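Quick note: the coordinates plus some simple rules give every number you see, no bench work behind them. Computed from a predicted structure; not experimentally measured. Cβ placement follows ideal geometry from the backbone for every residue including glycine, while neighbour counts extend to all protein chains displayed.
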Ligand SMILES: Cc1ncc(COP(=O)(O)O)c(C=O)c1O
């Protein structure tokens, strides 16, 4: 296992990590995840546990809760969800009964599995309808969503995406939810860091429930948390425990508290601003190289490349790029005719590269390398050349030097 870990460290150091949901957590966050709080059982909440000996873990969890509330300005925070999917499961469990109706965006338009995909629990236990992206502009179409909401009158409207590159205006969604008497849930798993830094508008004033991961743009440990309005606090807490989880991962909660603290600094705000600047520079470089971007660009940390004009699938593109040391994931594009396992697009993002200290000039260089690989995808020689350039670039921006 030591050898396997060394291999993964080498990969993280010497490739360009461009999966937008990945990042390099700080040493403090890593250390907390490996700390002795992993040994402690603490079912319940601070001050009300089912086990004894919880003095220190109570303090850790309270710190995480207080910092989440301070960072996002929410009424209530629950920091125990093990993952983003479980945060969503708890949110549904808190406010829905099986068979109730959810309105969300489908996976092929950028939504997430846990927003009602038929193969996921959410698609199995709830009745799910989807709003869609506009076919021409490839952005959210509020008017069509309003009509669909009026038609199906969902109990819960879910806003939040895995692969949508544009800013979300939360206010119209609140209006739509009010018009049909639905609750509004924002899943900010992807854009949470941008929101924490004020680089993207926050849903906290508008949504009844906000769920998020902590490991993507936030740059914390692998995990999640839930924020909600005061009147839903008990329902959310009971949904997490005893509803869908038992013992909380106290070492991960300690790491969440650290990540929230890190997110309060000026350095972090600059980091999040740079993520967006880098994404714009990367998008411009890709477009200049003839790659079509869904919706024509990005306002966030990610973009979707449509590879159909290159007669290349997302799967093959991601494999070619990996051979060249550039790690991205295949992704469906709106109205994709390919199944998700093949997909017509890729979804590059900049959070991890930005953590390494890369800026616009490096993004232009990376765009150029990606274009060369993609446009010459039949040529292994090009991939070999680019791989050397990638390694040289990684050497200039070292990461985890002291591990
Ligand atoms: C919008 C959104 N919600 C939820 C999740 C689920 O997070 P996890 O992988 O931690 O279950 C993701 C992960 O990709 C996501 O993109």
key: Estimated distance in nm for a label pair at residue 9 and residue 27, the labels positioned 7 Å out from Cα along Cα-to-Cβ   = 1.2
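Taking 8 Å as the Cα distance limit and 6 or more residues as the minimum spacing, I'd like the relative contact order of the chain as a percentage.
Value for the chain: 23 percent.
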key: Where a label projected 7 Å from the Cα of residue 66 along Cα→Cβ would reach, residues of the stretch 198-228 with amide N under 15 Å   = none
Efficiency of FRET between residue 364 and residue 48 - r from beta-carbon atoms, R0 45 angstrom, step 0.05 = 0.25
ask   = How far, in nm, would the chain grow between residue 83 and residue 234 when pulled straight, counting 0.36 nm per residue and subtracting the alpha carbon separation?
value = 52.4 nm
request  = Based on the mean of other Cβ atoms within 10 Å per residue, sort peptides 177-186, 298-307 so the most packed one is first.
outcome  = 298-307, 177-186
Ellipticity estimate at 222 nm from DSSP helix runs (n ≥ 4, -39,500 (n - 2.57)) divided over the chain, nearest 500 = -13000 deg cm²/dmol
inquiry  = Considering only C-alpha atoms, what is the centroid distance from the stretch 159-207 to the stretch 254-299, in Å?
reply    = 18
request  = Alpha carbons only, please: Rg and Dmax for the chain, in angstrom.
outcome  = 21.1, 63
query = Once Rh is set to the Kirkwood radius over Cα pairs, what Stokes-Einstein translational diffusion coefficient, in µm²/s, holds for the stretch 246-359 at a temperature of 4 °C and a viscosity of 1.567 mPa s?
reply = 82
ask   = Of 243, 285, 160, which has the largest mean-square fluctuation in a 10 Å C-alpha GNM of the chain?
value = 243
ask   = Counting other C-beta atoms within 10 Å, which of 377, 173, 50 has the fewest, and how do the rest follow?
value = 50, 377, 173
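Would you mind computing Rg(Cα) / (2.2 N^0.38 Å) for the stretch 349-398, counting N as its residues?
Details: Rg = 11.4 Å, N = 50, 2.2 N^0.38 = 9.7 Å.
The reported ratio for this selection is 1.17.
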note = One finds the C-alpha centres of the stretch 1-41 and the stretch 328-385 to be spaced, in Å, by 23
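For the stretch 27-262, what percent of Cα pairs sit more than 25 Å apart?
Values: 10556 of 27730 pairs.
Roughly 38 percent, rounded to a whole number.
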